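Undergrad: Could you have a look at this structure, given as structure tokens, before my questions?
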Amino acid sequence: MSKETFQKRIEQLRIFLKEHERLPSYSEMCELFALKSKQAVARIVDKMIEHGLVEKDGAGRLIPRGIKGGPRLIGTVQAGFPSAAEEELCDIMSLDDFLITNHVASFLLKVSGDSMIEAGIQPDDLVLLERGKQPRVGDIIVAEVDHEWTMKYFEKVGGKTVLKPANKNYPTIVPKEELQVAGVVTAVIRKYH
């Protein structure tokens with residue numbers, strides 16, 4: 001199968017996935033790809049598995065991985081001094097796969113307030129949290145402290161848990177009654193345009 005044909009098959013599966021919110025069965029792929037045998041479909045599926053585009057679950061059903069779409073990762077760029085950036089297709093990247101390790105326990109929150117600006121977290125940014133993850137010293141967490149919600153650094157001082165802001169205009173919080181950690185911040189998302 002040529003590279004162009006393979007890319008066309010990938011795009012056909014993406015469209016099907018978007019429209020039906022699932023991957024097609026082997027029979028549906030025969031029809032979709034205008035093929036007569038499931039054996040031919042199986043070879044295409046094997047190639048897609050090899051490229052990390054789909055995978056099989058424990059029951060042998062196909063589940064999407066890199067085929068879900070997303071921007072292409074085309075290389076790297078130096079953020080210091082200028083250098084020639086050569087475009088090279090490295091991979092197709094799903095931002096979900098890149099940012100989320102536990103899909104079931106992850107959720108987004110929109111940031112309000114400026115207590116974490118020195119950590120690079122601005123008002124209107126989105127933070128990705130993982131619920132149930134044990135916070136370590138230095139992690140940024142979202143927690144309910146004495147019946148109020150906040151996002152701060154998780155720290156220990158003299159054996160006590162404290163929550164430190166990333167803005168010198170805010171005080172360190174020492175829980176008086178209770179501290180309930182809702183999740184650990186695993187990513188910050190900012191949209192510029």
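Undergrad: Of everything in segment 84-102, what is modelled with pLDDT under 75, closer than 19 Å to V185 by Cα and not in a helix (DSSP H, G or I)? Give them in sequence order.
TA: The answer is none; no residue qualifies.
Undergrad: Right, another one. Which strands (runs of 3 or more DSSP E) does segment 124-175 wholly contain that include 2 or more residues that are closer than 20 Å to R190 by Cβ and not β-branched (V, I, T)?
TA: 126-130, 148-157
Undergrad: When segment 165-181 is examined, which residues are found to be closer than 21 Å to G132 by Cα and surrounded by 17 or more Cβ atoms within 10 Å (Cβ to Cβ)?
TA: L179, V181 - these are the residues of segment 165-181 that are closer than 21 Å to G132 by Cα and surrounded by 17 or more Cβ atoms within 10 Å (Cβ to Cβ).
Undergrad: Something else about it: Quick one: in segment 152-163, which of the residues that are at pLDDT below 95 and farther than 13 Å from E177 by Cα is nearest to the chain's Cα centre (by Cα)?
TA: K156
The values are calculated or read from the model by the stated rules, or taken from the named source; none is laboratory data. None of the values given here were measured: they were computed from a predicted structure. A quick note on method: Cβ atoms are made from the backbone with ideal geometry, for glycine too, and the neighbour counts reach across all protein chains shown.
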